[in-house]
1. So, counting K/R as plus one and D/E as minus one, what does the shell of residues with Cβ under 13 Å around Arg18 add up to?
2. Quick one: compute the contact order of region 33-122, relative version, from alpha carbon pairs under 8 angstrom and 6+ residues apart, as a percent.
3. Convert each backbone phi in region 418-433 into a coupling constant with the Karplus relation 6.51 cos²θ - 1.76 cosθ + 1.60 (shift: θ = phi - 60°), then list the ³J(HN,Hα) values in order as whole Hz, x for Gly and Pro.
4. Over what distance in Å are the Cα centres of region 78-135 and region 41-56 separated?
5. Pull up all non-local amide H partners of Ser231: gap of 5 or more, or a different chain, and H-to-H distance under 5 Å with H placed in the peptide plane.
6. Can you give the accessible area per residue of the chain, in Å², using a 1.4 Å probe?
7. Accessible surface of Tyr411 in the full protein assembly, 1.4 angstrom probe, to the nearest 10 Å²?
8. Where in region 36-51 does the label zone of Lys320 land, with the point 7 angstrom along Cα→C-beta and an amide N cut-off under 14 Å?
Amino acid sequence: MPEIKKVLVANRGEIAIRIFRTCRRIGIKTVAIYTHADRKAPHVRYADEAYCITDGPSDTSYLKKDRIIEIAKKTGAAIHPGYGFYAENADFRRACDEAGVIFIGPSAEHIEMMGSKTGARAVMAEAGVPTVPGTKNPIRDVEEAKKIAREIGYPIMLKAVYGGGGKGMRLVHKEEDFESSFRMASSEALNAFGNGDVYMEKFIIQPHHVEIQVLGDMHGNAIHLFDRECSIQRRHQKVIEEAPSPFISKETRAKMCKVAAEAIRKIGYYSAGTLEFIVGADQNFYFLEMNTRLQVEHPITEMITGVDIVREMIFVAEGKPLSYKQEDISILGHAIECRIYAEDPSNNFAPSPGLLTVYQTPEGPNVRVESGAYQGYEIPLYYDPMIAKVCSFSKDRNGAIEHMKRILSEYMISGIKTSIPFHMAVLKNPTFLSGVYDTGFIENKFDMEELKRREHLDPTVAAIVASIKQLISEKISASRAVTRPDITESNWKRFGKMINLSKTV
């Protein structure tokens, strides 16, 4: 394989910048793509080169396969897909191969193999990975499916064969609800993914969502980078992750990690990947799916292991062996990631796009911020509302939590609503602090109404109004005065106080 000297990221926002940073560190030039709506986005400014892939403001799509590959060929760049968009698209990978463009990721065969959840379950079962009891193929006969459900035992979960993000999923508690739930799941899957096939599996009581990060190369080497707990979820979407999991035992961790690494070695998988498991209260674990791409939450794994996953992906795409052996990898501490969304948590997490009138990210030790925004940037309506990922690190979990509280308290954002108040509330929640929380945390252990009450009773709102009124009054007085008013502090200090008060609004 030829050496990679330039990388085009077929993505946008914080993930594009994150990949560019590794490229810059190892001396690789970078290429950004953007739409008219994203022409002022930070990833466009950061890259060495940038190319618009749309013809006008009304076109906001990044799904321009031919144009992206054309730009890659023109610039001599390899393509890293980031996550989302073309990250798990086997046809895009094949198109890159046919065009002679290096794709930084797994083979088309592996992407396709793991793209079908039922197919992935069968492959992993054959590779020795425990799987949740359920159907191996899409449900065709509802009556036969009911019979299987009775054998498995309710509750059961219906899931889209091709999909993710919680689309095409229905929890069924009793047989009388099976048919209607099946129709709804199938219809939603068809609308979301163009395929209405669904399968079912046993629903695990008090489930924990734990995943194992893996790396493989083209020489048959495979390692794991330990685990992440991803059970704080809203509408089946992760919002807070931590590494390692505070719930699983050392024995369970060792078993899961060994099984994951052995599985990708057996199937010949290369590049970065993640095996997602559901873990019951009894510590039994079952394979859910495999993501054949870089994960949103990969930074916390990098923080606890010291491994640059993007760097390894690039080296593997060049045909090089992994830089690490399994014995080189150990857990160095604990890390937590909060996904900062442009959403209003007190209004059912409604989108909150708009102009960032104030935007200042936290700094200091034990903090990592990956952001796709800046002060004066307008958060667009057309894309995912995540504006940043903020991570804390410490030698232990308690330290990581305390660092995260400090980090979030220093995050200054005005002009839009964000999910920061929600994150702060979670970090103080007794169930979260115990480390024994499951995927039902938000529904069962978190008081959303209390979060709403706190925001409406927040005394800083009145303080901000008073500060603004006072500032206007002082400006009027100053304009009328012959000499400068006698004040005890500088305008800079007073302005800083006002901004500091406004950050929680």
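The values are calculated or read from the model by the stated rules, or taken from the named source; none is laboratory data. None of these values were measured; they are calculated from a predicted model. When we count neighbours, we look across all protein chains shown, and the Cβ atoms used for this are built from the backbone with ideal geometry, even at glycine. With ligands, DNA and RNA removed, areas are computed over all heavy atoms of the protein, side chains included. Shrake-Rupley method; radii C 1.70, N 1.55, O 1.52, S 1.80 Å.
1. Working: positive: Arg12, Arg21, Arg24, Arg25, Arg311, Arg368, Lys389; negative: Glu14, Glu297, Glu302, Asp308, Glu337, Glu370.
Charge balance near Arg18 sits at +1.
2. Details: 89 pairs, mean separation 18.9, N = 90.
Relative CO of region 33-122 lands at 21 percent.
3. After applying 6.51 cos²θ - 1.76 cosθ + 1.60, I find 9, 7, 4, x, 5, 4, 4, 5, 4, 5, 9, 6, x, 5, 5, 4 Hz.
4. Centre-to-centre distance over Cα atoms comes out at 27 Å.
5. When sequence neighbours closer than 5 places are left aside, the close amide H contacts are His209.
6. Details: 22450 Å² over 505 residues.
Result: 44 Å² per residue.
7. In the full protein context, Tyr411 sits at about 0 Å².
8. None, by backbone N distance to the label point.
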